[in-house]
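Rule-based calculations on the coordinates, nothing more; no lab input. As the structure is a prediction and not an experimental result, all values here were calculated from the model. Because the Cβ atoms are built from the backbone with ideal geometry, glycine has one as well, and the counts that use them run over all protein chains shown.
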Amino acid sequence: MSEINRHIVLAHRPEGMPKLSDFRLQEDAVEPLGDGEVCVATEALSIDAFIRTTLEDEAYHGSVPIGGTIPALGVGRIVASEAAGYDVGQAVFAPLGAQSHARLPAGMVQPIDETVAPATARLGVLGMTTGLTAWFGIHEVGAVQDGETVVVSAAAGAVGSVAGQLAKLAGARVVGLAGGAAKCAYLTDELGFDAAIDYKGEDVAARLREVAPDGVDVFFDNVGGELLDVVLDQIRERARVVICGAISQYQNMDRVQGPSLYLRLAERHARMEGFAVTHFQADFPKAEAALASLLSDGKVQLREHVVDGIDRFPEALLMLFNGGHTGKLLVRV
Ligand SMILES: NC(=O)c1ccc[n+]([C@@H]2O[C@H](COP(=O)([O-])OP(=O)(O)OC[C@H]3O[C@@H](n4cnc5c(N)ncnc54)[C@H](OP(=O)(O)O)[C@@H]3O)[C@@H](O)[C@H]2O)c1
């Protein structure tokens, strides 16, 4: 093979919000494949919050060494194979990394059936870090019931917009928290949320009292920090607070701001429970099948925001934290 791999490596460990100069584009020849390996040409990469946490010295998802390729989940196509049953041309999902070509043991790639949905759906509605995360957070951890009031933060993002739609399908009243009027209009006008609150421009506590006067049964939280306290103050008896993520805290993982109003849990016989989607691995096939059917019936939708070019991967990663996208953020390679 004479392919050149263009990959994004970590140049410096960021302090706080990463800078473009913390990353470097590097070009190297793809090394010859060993027995049982495949080479995948990347087509699209999922921009996920966990990537930021891997830039630290120590991280739950593993730490990237200086000079190491930034991890990322992606979809692509096999362009060379030394593994029986893995044919050139096959579309696959894999932890490809931020690179144009990934050399991987075949056991690490999952073939994609492109007749079910376009390959990028495996990063979105059918994706582990998006649709599956929303599914288990809403149904298993939040146990959302018909008629309940559900609040979702980062609601116009990937996980949040699917979570809100799943809660609606379960019969809940859904309130989304998002940054800006355009995102709020997207939630109510296009995704069918019952209400949306612009946390950047409105008094969230006051507006939440207006749109959910009887309180909140389930809070699907993607943000943490101050917003978590604002919603904790308005939970109902027996509420469930689902800790899906805390994107407001990922730039300072050694000084995470915890909720100061956690005693509302005791006062209201409520609970707060976190999860990583991988805790539900055994149930992935069931959830994937349910999501595939909702997607093909048009009952769940997810807008894609596509940034073109592997060289723009760092820019896309920063966008996740400044809210420049709506829906699923992808890099097309
Ligand atoms: N538990 C799991 O297994 C699991 C798996 C995947 C993802 N997650 C979590 O799910 C959450 C959403 O991830 P995603 O990939 O779907 O990203 P996303 O929601 O598409 O993008 C992140 C959004 O968060 C909002 N945001 C960023 N910084 C913020 C801040 N300081 N305060 C308030 N809002 C902020 C921005 O929207 P606005 O414009 O509205 O501010 C941004 O669009 C993350 O917390 C992630 O860690 C958890």
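Tabulated data
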| item | result |
| --- | --- |
| Whole-angstrom gap from the range 53-74 to the range 141-177, using each part's C-alpha centre | 30 Å |
| Extension reserve of the residue 315-residue 275 stretch, reckoned as 0.36 nm per residue once the Cα distance is removed | 11.6 nm |
| Shape call, the range 259-333: gyration tensor on alpha carbons, a/c limit 1.5 | oblate |
| Exposure proxy ranking, count of Cβ atoms within 10 Å, fewest first, for 233, 254 | 254, 233 |
| For the range 237-248, 3J(HN,Hα) per residue [Karplus equation, 6.51 cos²θ - 1.76 cosθ + 1.60, θ = phi - 60°, Hz, x = Gly/Pro] | 3, 6, 5, 10, 9, 9, 8, 7, x, 8, 5, 6 |
| Magnitude of the charge dipole, the chain, Cβ model with Lys/Arg +1 and Asp/Glu -1, debye to 20 | 460 debye |
| Exposure proxy ranking, count of Cβ atoms within 10 Å, fewest first, for 262, 199 | 262, 199 |
| Share antiparallel - DSSP beta bridges, the chain, percent rounded to 5 | 55 percent |
| Helical mean residue ellipticity (222 nm; -39500 (n - 2.57) per DSSP H run of 4+; nearest 500) of the chain | -5500 deg cm²/dmol |
| Cα gyration tensor shape for the range 1-152, rounded if a/c is under 1.5, else prolate or oblate | oblate |
| Sparsely packed trypsin sites (Lys or Arg not before Pro) within the range 13-120, loop by DSSP, other Cβ within 10 Å at most 14 | 19 |
| Part-to-part distance (alpha-carbon centres) for the range 3-50 and the range 184-223, which is given in Å | 37 Å |
| Ranked packing of 315-321, 272-278, 174-180, most packed first, by mean Cβ within 10 Å | 174-180, 315-321, 272-278 |
| Three-way shape label, the range 128-278, alpha-carbon gyration tensor, a/c 1.5 | rounded |
| Per-residue ³J(HN,Hα) for the range 142-149, Karplus 6.51 cos²θ - 1.76 cosθ + 1.60, θ = phi - 60°, Hz, x for Gly and Pro | x, 6, 4, 10, 3, x, 7, 9 |
| Residue (of 184, 259, 249) at the positive-pole extreme of the range 177-317, dipole from beta-carbon charges | 259 |
| Packing rank of 112-122, 201-211, where each peptide gets the mean count of other beta carbons within 10 Å, highest leading | 112-122, 201-211 |
| Under-5 Å amide H pairs with residue 149, H placed in peptide plane, nonlocal only | 173, 217, 218 |
| Under Karplus coefficients 6.51, -1.76 and 1.60, residue-wise ³J(HN,Hα) of the range 102-112 in Hz, glycine/proline x | 10, 9, 9, x, 4, x, 8, 9, 10, x, 10 |
